[in-house]
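Quick notes on the structure that follows.
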Amino acid sequence: MVDVKMKKNLLNELKNFGIEFLENQDMSFYSSIKAGGRADLIMFPKNEAELVSIVNLTKTCLCGCRCYVIGGGTNTFFKEERIFAPVISFKKFDASILKISDISKKIEAGSETVLRAGAGVSTSKILNYAIKHNFGGCEFFYGIPGTVGGAVRMNAGSKESVIENIVEAIDIITYDGIKSKIAKKDLKFSYRSIEIDGIEGNYFITAAYLKLYKTSESKVTENIQIFKKRKSGQPLGEFSLGCIFKNPDGISAGKLIEEIGFKGFSAGGARVSEKHANFIINEGGAKPSDIMFLIKNIEEKALISRGIKLNTEIKII
Ligand SMILES: Cc1cc2nc3c(=O)[nH]c(=O)nc-3n(C[C@H](O)[C@H](O)[C@H](O)COP(=O)(O)OP(=O)(O)OC[C@H]3O[C@@H](n4cnc5c(N)ncnc54)[C@H](O)[C@@H]3O)c2cc1C
């Protein structure tokens, strides 16, 4: 955001609307790898009304300058030293969970329930809710950090299940400030991605409707064990972004990275995890350039030595 006058106008309007914002923020606080440049402006809408105001204000005050959106920042890396475009964070956004419907009135084993989860709610909170109320279907959230908005955008999950399998509909706000509810049939999920029929360009996810089924506490706990076991092979206690690369056809990215010799390889404070080579961890003081150095070198070596083009799963800004 270069124009000082335009920025001043926007900040005044944000104050008038009572919308929280911060200037000159260190984005390492907003990304789970704890490294990143500084953002000129980050805004924290709490609900749809504030989000629509932000959309309208950026349109009028900044001539529609593009914004970056983040949920929990567990898959987003701010590589640039300075981020000029405004960032919209869902950190303080609606984190409610509401039970919308029971397909049958009497909730018995096997009957289905739809939850409406505000985009700011964490997947771990939804999993805890499901455990408490004996609902099955979202056990795969175990060990996947971040918000439900981010999870829908990334079609988060694993080979056992992805969020696509339980999403019934989503609420969105477009960059024109228009609210819509999009039914499952119009959501085109793919590997760590989603497209919406009839919507071009960016949009904000404000809620997700998730279909779960009634089961027993012991069954939910038993199902979670599968994911606990899978997650024991990942460096969960470390600062990371989860898997850096998407799996290319025919081989897991982790195995490929290991085979081309990068397991344990480090640059500055960043290291390719010894536990899972598709994770880069910040051992302390990693600079964005250290992380980018590892990403670029892995990409180059995979292409040169194996002819495989790796694509990042993480969003790099
Ligand atoms: C230790 C660890 C383990 C992980 N394991 C897994 C795993 O097993 N499976 C898996 O799939 N992922 C995994 N991840 C990655 C990450 O947790 C998921 O992708 C998660 O769903 C991202 O959610 P987030 O809110 O943090 O998204 P962010 O990183 O904040 O954003 C991701 C993308 O979603 C967009 N976005 C976020 N919120 C919204 C919104 N409300 N509206 C529109 N767009 C939005 C952002 O613009 C960005 O493009 C892991 C990450 C870590 C750190």
_Residues (over 13 Å from GLU80 (Cα atoms) and either within 12 Å of the ligand (Cβ to nearest atom) or among the β-branched types (Val, Ile, Thr) (or both)) located in the range 10-30_ = ILE19, TYR30
*asked:* Which numbered condition in (1) near the ligand (Cβ under 10 Å from one of its atoms); (2) of a type outside the set (Ser, Thr, Tyr); (3) farther than 28 Å from ASP26 by Cβ is the only one that PHE239 fails?
replied: (3)
*Of GLY177, GLY136, which residue is in contact with a Lys or Arg (Cβ under 9 Å, 6 or more places away or on another chain) and over 29 Å from ILE54 (Cβ atoms)?*
GLY136
*Taking HIS276 and the conditions (1) within 16 Å of the ligand (Cβ to nearest atom); (2) at pLDDT below 95; (3) not polar (S, T, N, Q), which numbered condition does it fall short on, given that it satisfies the others?*
(2)
_Being more than 26 Å from ILE170 (Cα to Cα) and under 17 Å from the mean Cα position of the chain (by Cα) narrows it down to one residue among PHE78, PHE93; which is it?_
PHE78
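Here is a yes/no grid of residues against (1) assigned to a strand (DSSP E or B); (2) touching a helix residue (DSSP H, G or I) at 6+ places or on another chain (Cβ under 9 Å); (3) more than 30 Å from ILE131 (Cβ to Cβ):
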| position | (1), (2), (3) |
| --- | --- |
| ALA39 | yes, yes, yes |
| ILE54 | no, yes, yes |
| GLY72 | no, yes, no |
| PHE78 | yes, yes, yes |
| ILE88 | yes, yes, yes |
| ILE100 | yes, no, no |
*May I ask you to list the residues in the range 2-34 that are assigned to a strand (DSSP E or B), surrounded by fewer than 19 Cβ atoms within 10 Å (Cβ to Cβ) and on the phi < 0 side of the Ramachandran plot?*
GLU20, LEU22, GLU23, ASP26
*asked:* When the residues of the range 299-317 are narrowed to those that are among the hydrophobic types (A, V, I, L, M, F, W, C) and within 16 Å of the ligand (Cβ to nearest atom), which ends up farthest from ASP249 (Cα to Cα)?
replied: ILE317
*Do we find that ALA95 is more than 9 Å from the ligand (Cβ to nearest atom), buried (at least 24 other Cβ atoms within 10 Å of the Cβ) and hydrophobic (A, V, I, L, M, F, W, C) in this structure?*
no
*Only one residue in GLU160, GLU222 is within 29 Å of LEU98 (Cα to Cα) and either without any contact (Cβ under 8 Å) to a residue 24 or more places away in the chain or assigned to a strand (DSSP E or B) (or both). Which one?*
GLU222
*Under the condition of being β-branched (Val, Ile, Thr) and in a helix (DSSP H, G or I), which residue from the range 132-157 is surrounded by the fewest Cβ atoms within 10 Å (Cβ to Cβ)?*
VAL152
*From the list ALA169, ALA85, which residue is small (Gly, Ala, Ser), assigned by TED's automatic domain parsing to the domain that holds ILE42 and out of contact with any His (no Cβ under 9 Å at 6 or more places or on another chain)?*
ALA85
*Residue under evaluation TYR209, criteria (1) out of contact with any helix residue (DSSP H, G or I) (no Cβ under 8 Å at 6 or more places or on another chain); (2) assigned to a strand (DSSP E or B); (3) over 19 Å from PRO145 (Cα atoms), criterion not met*: (3)
*Among the residues listed as LYS246, LYS229, the single one being farther than 26 Å from ALA95 by Cα, among the basic types (Lys, Arg) and surrounded by fewer than 12 Cβ atoms within 10 Å (Cβ to Cβ)*: LYS229
*asked:* Please determine whether any residue of the range 99-110 is at pLDDT below 95 and in contact with a Phe, Trp or Tyr (Cβ under 7 Å, 6 or more places away or on another chain).
replied: yes
*Selection count, the range 274-297, where residues are farther than 18 Å from MET27 by Cα, of a type in the set (S, T, N, Q) and surrounded by fewer than 22 Cβ atoms within 10 Å (Cβ to Cβ)*: 1
*Might you check whether a residue that is within 12 Å of the ligand (Cβ to nearest atom), at positive phi and not polar (S, T, N, Q) occurs anywhere in the range 132-150?*
yes
*Of (1) under 21 Å from GLY71 (Cβ atoms); (2) within 12 Å of the ligand (Cβ to nearest atom), GLU160 satisfies all except one. Which?*
(1)
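The values are calculated or read from the model by the stated rules, or taken from the named source; none is laboratory data. Given the structure is predicted, the values throughout are model-derived calculations rather than measurements. Every residue, glycine among them, receives a Cβ derived from its backbone with ideal geometry; neighbour counts consider all protein chains shown.
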